[in-house]
């Protein structure tokens, strides 16, 4: 997706959200609210509005109600109707439960009609807006069929989305295809078998190209792809998870709230640990280490110092091993209980890291960084814990660790983040996969 197309899609999402949310807020404050909440009960209003926003956005993403560029006007209006209609119905049920009786449905019906009219106007105007100001993507078609002319003729009606600049045979995939694919923003595979296109698909994903395929029957439910239709030809488009604005926004908010809460709740333990480290040898409390965050940027990760002050003689890195004499008495305790990792909560609060994500690699751990590049795992914010940490942690070889990190990026979702979070608690309690000096170790302080 080019930057202009992404910016336009975000403008359209915000505009329809503001319209639908505004109509609901109006009927809430003008009619339902005064009959359900006390005049000073601002919490009731706030909770209701937040709940409506969450439900509407979630349903809108589920029904693809914000994809105005990719779907017809009729499909977009119907998807919007399902989204705000179900959200309105859910909140009407909430009103009835608060009142312990049925409440007047007429204002709600009038609100739905206003929202439907707003959705229709938004879809009509928005479609023309994106066509007028959007920039078609330079597109390459890779064809495995003998005759592709009939397929190409269908693109005449959607010239605002694609500019077909070149059509090549799938035979190019046998040779050096990278130079052929690199200049284009979008790639369409037409009648190309999954075996032939698999490597090129990975390349397109890493390069953030818009990616479309005409699926075989066994690929209809392929993970990460959403259904599209080109007139009468079924197609599937790869949905880049990291571009899902609401996921990234909500995840960052959750990171901030959880890290702040953790710092407050753990403050007595953090202060006692810092005091113990200082009293033992009068050295610094924290150990800082250069790590890589999203897109290869380098940051300093914080840990409680668990080794002697001169653990790195002459600046030379020496991997930590089991029974390492450089580990202090306090260090042995905090490493065993994983307390030495707690200051990384500060990195989460700063935005260097997230709660869940691939563990941040050392800035000079080129082998791991190169392996992760193959799967796009360096394109997301690293985390305190991740999918690899609940599937072996320090025991994993670099190649296997990178594959697990890539799998997480490919399937990233709130559900997967929750699974990683609670899976980490279980792994820490069982002390699974902890090996000092392992390729995936969290204890690589030198």
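Bear in mind that the values in this text are calculations on the coordinates, not laboratory data. Please read these numbers as outputs of a predicted model, since none were measured by experiment. Neighbour counts run over all protein chains shown; Cβ positions are idealised from the backbone, glycine included.
In whole Å, how far is the Cα centre of segment 326-377 from that of segment 1-76?
38 Å
Along the Cα-to-C-beta direction of residue 363, a point sits 7 Å from the Cα; which residues of segment 278-298 have their amide N less than 20 Å from that point?
Under 20 Å, as judged by backbone N against the label point of residue 363, lie 286-298 of segment 278-298.
I'd like the FRET efficiency for residue 110 and residue 156, computed as 1/(1 + (r/R0)^6) with the beta carbon distance as r and R0 of 45 Å, rounded to 0.05.
On the way: r = 42 Å, r/R0 = 0.94.
In this case the efficiency is close to 0.60.
Kirkwood-based Rg over Rh for the chain (C-alpha set), two decimals? Write out the running numbers ahead of the final one.
Details: Rg = 26.6 Å, Rh = 25.4 Å.
Across the chain, the Cα-based Rg/Rh ratio is 1.04.
Express the relative contact order of the chain as a whole percentage, based on alpha carbon pairs under 8 Å and six or more residues apart in sequence.
On the way: 587 pairs, mean separation 46.3, N = 446.
Contact order relative to length: 10 percent.
Assuming 0.36 nm per residue, please report the length gained on full extension of the stretch residue 269 to residue 90 beyond their Cα-Cα distance.
Working: separation 179, 0.36 × 179 = 64.44 nm, distance 4.34 nm.
So the extension gain works out to 60.1 nm.
Name the most mobile residue of 383, 126, 415, meaning the one with the largest mean-square fluctuation, in a Gaussian network model of the chain with Cα contacts below 10 Å.
415
What length, rounded to one decimal in nm, is gained on full extension from residue 4 through to residue 350, with 0.36 nm per residue of separation minus their alpha-carbon distance? Show your work: numbers first, answer last.
Numbers: separation 346, 0.36 × 346 = 124.56 nm, distance 2.89 nm.
Working it through step by step, the gained length comes to 121.7 nm.
At a Förster radius of 51 Å, what calculated FRET efficiency corresponds to the Cβ-Cβ distance of residue 172 and residue 72, to the nearest 0.05? List each step's numbers first, then the result.
On the way: r = 33 Å, r/R0 = 0.65.
Efficiency, rounded to the nearest 0.05: 0.95.
Using the alpha-carbon atoms, what tilt in degrees (0 to 90, nearest 10) does helix 398-410 show relative to the longest principal axis of the chain?
30 degrees
How much of the DSSP beta bridge set in the chain is antiparallel, as a percent to the nearest 5?
Bridges in the chain are about 50 percent antiparallel.
Residue 203 versus residue 297, label points 7 Å from Cα toward the beta carbon: distance in nm?
Reported label-point gap for residue 203 and residue 297 is 3.0 nm.
I want to verify a result. In a Gaussian network model of the chain, Cα cutoff 10 Å, which of these has the top mean-square fluctuation: 113, 429, 28?
429
Pull out the extension gain between residue 101 and residue 289, defined as 0.36 nm times the separation in residues minus the alpha carbon to alpha carbon distance; nm, one decimal.
61.6 nm
Helix 194-206 against the longest principal axis of the chain: what's the angle in degrees, Cα atoms only, rounded to the nearest 10?
Compared with the principal axis, the helix lies near 70 degrees.
Mean-square fluctuation check for the chain, GNM, Cα pairs under 10 Å: which of 410, 150, 297 is largest?
With Cα springs under 10 Å in the chain, the top fluctuation among 410, 150, 297 is at 150.
In 10 Å bins starting at zero, report the fraction of Cα pairs in segment 1-95 per bin as a rounded %.
The percentages, shortest bin first, are 15, 44, 26, 12, 3.
Helix 106-133 sits at what angle to the longest principal axis of the chain, using alpha carbons and giving 0 to 90 degrees rounded to 10?
80 degrees
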